[in-house]
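Inspection log for the structure reproduced underneath, given as structure tokens.
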Amino acid sequence: MDGGYYIGWGTLSLINAGLAQGKNRSGFNWFLLSLLLGPLATFILLLVEKR
């Protein structure tokens, strides 16, 4: 596989972690979840409300 794919997926996970922290949620947990779900985790984060 192309190395850029992994870099992009990892970058998206970091962005999701920051987005989760902005919504008062665990950045680390969302980082791990994003590694598994990728863009789907971003979509879920956009739908959940801030705590």
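Calculate for the chain the 222 nm mean residue ellipticity that helices alone would give, adding -39,500 (n - 2.57) per DSSP H run of length 4 or more and normalising by residue count, nearest 500 deg cm²/dmol. Write out the running numbers ahead of the final one.
Details: 3 runs with 40 residues, N = 51.
When only DSSP H runs of four or more count, the value is -25000 deg cm²/dmol.
Convert each backbone phi in the stretch 44-51 into a coupling constant with the Karplus relation 6.51 cos²θ - 1.76 cosθ + 1.60 (shift: θ = phi - 60°), then list the ³J(HN,Hα) values in order as whole Hz, x for Gly and Pro.
5, 4, 5, 8, 6, 8, 5, 7
At 25 °C and 0.890 mPa s, what whole-number value in µm²/s does Stokes-Einstein give for the translational diffusion of the chain, with Rh from the Kirkwood sum over Cα pairs?
On the way: Rh = 10.7 Å.
Rounded to a whole number, D works out at 228 µm²/s.
Coordinate-derived values only; no laboratory data. Quantities reported herein were computed from a predicted structural model and do not represent experimental measurements.
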